[in-house]
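For reference, the structure discussed in these notes is given below.
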Amino acid sequence: MENTESNISTLPQTEPVTITSQAKAEKKLIAGVIEMKNRLFLNMAWRVIKPYVVEIANSSLGEYDESRVYIELLDGYSTLFMFYLDDTPNLTLENVQEVFITKHLGTKTPESDFVGYVVVKYDINGKTMHTWQAYVKDEYRNNKQIAETAIKFLEGHALDIGLSYSTFAASRLGMAGIARVLGYSETFTIYRKQIKK
């Protein structure tokens, strides 16, 4: 559930989602919603996500140009959600904003425990939240639990603000399986080509 006062949310579930591995202790997946039109927080987030934004721009034949993503976020046309793994004991909606900023985003190593991010756009008239861009770091890409939990969080957020539909496009075939499990139906296939003289 989204904490509207702080704009930072933990993932909605009855029990905390924990991710364990040999390299990491038990951690919970938390989501931060970066308040846009605030250059300070956007720049803090941008230093983490920019390399991935550039990677997506390159792999999408320039569809997601980095300057366009930055301006859309700064102007408030899109919203940025960032996901981290966190081992803070007694994490609550009341203290997650402080943890998100002080332990993750506002540190000298904000990439540590960073899982990925999602940029969404809202079509209020169409009652739809569209995931415009999403990135999951390589080491978490095969973790279906993380993908499913993040998607469910975004769906919960959409419901909280009165939307009825969630859409996304994906270039990875693995997302098709996850999408079907979560009740998504394929509606379009997008083809893109750079036209040259």
Across the stretch 71-96, the tally of residues that are under 17 Å from ASN43 (Cα atoms) and not aromatic (Phe, Trp, Tyr) stands at 10
By residue number, the members of the stretch 82-139 that are under 25 Å from SER166 (Cβ atoms), in a loop (DSSP other than H, G, I, E, B) and of a type in the set (D, E, K, R) are LYS127, LYS137
Within the stretch 92-133, residues surrounded by fewer than 16 Cβ atoms within 10 Å (Cβ to Cβ), over 16 Å from the mean Cα position of the chain (by Cα) and not hydroxyl-bearing (Ser, Thr, Tyr) come out as LEU93, GLU94, ASN95, GLU98, GLY106, LYS108, ASP123, ILE124, ASN125, GLY126, LYS127
Subset of the stretch 35-62, residues of a type in the set (A, V, I, L, M, F, W, C) and at pLDDT 85 or above, comes to LEU40, PHE41, LEU42, MET44, ALA45, TRP46, VAL48, ILE49, VAL53, VAL54, ILE56, ALA57
When every residue in the stretch 69-87 that is farther than 20 Å from VAL54 by Cβ and in contact (Cβ under 8 Å) with a residue 60 or more places away in the chain is compared, the one surrounded by the most Cβ atoms within 10 Å (Cβ to Cβ) is LEU85
Residue hits (the stretch 63-81; at pLDDT 90 or above and either not hydrophobic (A, V, I, L, M, F, W, C) or not in a helix (DSSP H, G or I) (or both)) are GLU66, SER67, ARG68, TYR70, GLU72, ASP75, GLY76, TYR77, SER78, THR79, LEU80, PHE81
When every residue in the stretch 150-181 that is assigned to a loop (DSSP other than H, G, I, E, B), of a type in the set (A, V, I, L, M) and open to solvent by 40 Å² or more (accessible area, probe 1.4 Å) is compared, the one modelled with the highest pLDDT is ILE161
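The values are calculated or read from the model by the stated rules, or taken from the named source; none is laboratory data. What you see is a predicted model, and the numbers here were worked out from it, not measured in a lab. Cβ atoms come from the backbone with ideal geometry, glycine included; neighbour counts cover every protein chain shown. Just so you know, the surface numbers come from the protein's heavy atoms only, side chains and all, with ligands and any DNA or RNA stripped out. Shrake-Rupley method; radii C 1.70, N 1.55, O 1.52, S 1.80 Å.
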